[in-house]
Amino acid sequence: MGFGCMGKDNQPKVRQSAQLARKVGRRAGYDRILIVTEGSKTEPLYLGEIRKEFRLQTANVQVQHSQLGTSPIQVVEYAEHLFVNGDRARNIQPRVFEQVHAVFDRDDHESYHDALAKAAALNGRLLNDVKQKVKFLAITSVPCFELWLLLHFEDVLAPLHRTDVYRCLRQYLIDYDKGLTGHYAQTCQHLDVATQRAKRLAERTTAYDGVESFTDMHRLVHLLTTLKT
């Protein structure tokens, strides 16, 4: 009878130990990162290529596009919602990340600066499943994500409209289209120079300016490509 009582009393502790072991297992080696993108094609495909290339587990790196809409504020709000609530259909549990990145463009979006402010307010304010403060970062491009791809081939020092970015990019990627895969493979040999160019732009302006050409993508790409090192 005594042994039976001891077994019953220890069951919650055993379950807690098992849960903790699973959490430690998921976190082993590198941070768990949630990335929510504005676009449903280009950015997820590009980031998905990097994840596969560097063999990052989906349990640690999730890339999802916003289900609320494509405006910057909707991207940030969906990233917060997905982190807090998870999504059973996508096999994402609540609060199982150390970092959340909201990826969106400046373009002509009216909510751009509101989205930057909301992301900054959330940074360090959310707790994950092991009670750690979560990094919540906006990854922006002015005017659009394709500027990052263009920087792999040429320097950009002046403001550009997105149509100009597309036109210039197609001089190098002739068949460029948002729905195509292989953009990382087609550009990765120039990743170092693109990173240096993006850093130089960041020395001239910030995401908050929202007028001059700018991109944070080099930060996210560097994170993903060095996550396991």
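Taking each residue of segment 43-61 that is within 23 Å of Trp148 (Cα to Cα) and looking for partners that are assigned to a loop (DSSP other than H, G, I, E, B) with beta-carbon atoms closer than 6 Å, six or more apart or interchain, yields Glu43/Phe145; Leu45/Thr181.
For segment 139-154, check the following and say yes or no: at least one residue is on the phi > 0 side of the Ramachandran plot, assigned to a loop (DSSP other than H, G, I, E, B) and either of a type in the set (D, E, K, R) or buried (at least 16 other Cβ atoms within 10 Å of the Cβ) (or both). Checking segment 139-154: not a single residue is on the phi > 0 side of the Ramachandran plot, assigned to a loop (DSSP other than H, G, I, E, B) and either of a type in the set (D, E, K, R) or buried (at least 16 other Cβ atoms within 10 Å of the Cβ) (or both).
A quick yes/no check of all residues on (1) of a type in the set (Phe, Trp, Tyr); (2) within 19 Å of Gly39 (Cα to Cα); (3) part of a loop (DSSP other than H, G, I, E, B); (4) modelled with pLDDT under 95:
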site	(1), (2), (3), (4)
Val156	no, no, yes, no
Cys168	no, no, no, no
Ala185	no, no, no, no
Gln189	no, no, no, no
Lys199	no, no, no, no
Arg219	no, yes, no, no
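Taking segment 187-211 as the range and being under 17 Å from Cys144 (Cβ atoms) and buried (at least 16 other Cβ atoms within 10 Å of the Cβ) as the test, the residues that pass are Thr187, Ala194, Arg197, Ala198, Leu201, Ala207, Gly210.
The values are calculated or read from the model by the stated rules, or taken from the named source; none is laboratory data. Everything numeric in this text was worked out from a predicted model, so none of it was measured. Neighbour counts are summed over all protein chains in view; Cβ atoms, including those assigned to glycine, are modelled from backbone coordinates with ideal geometry.
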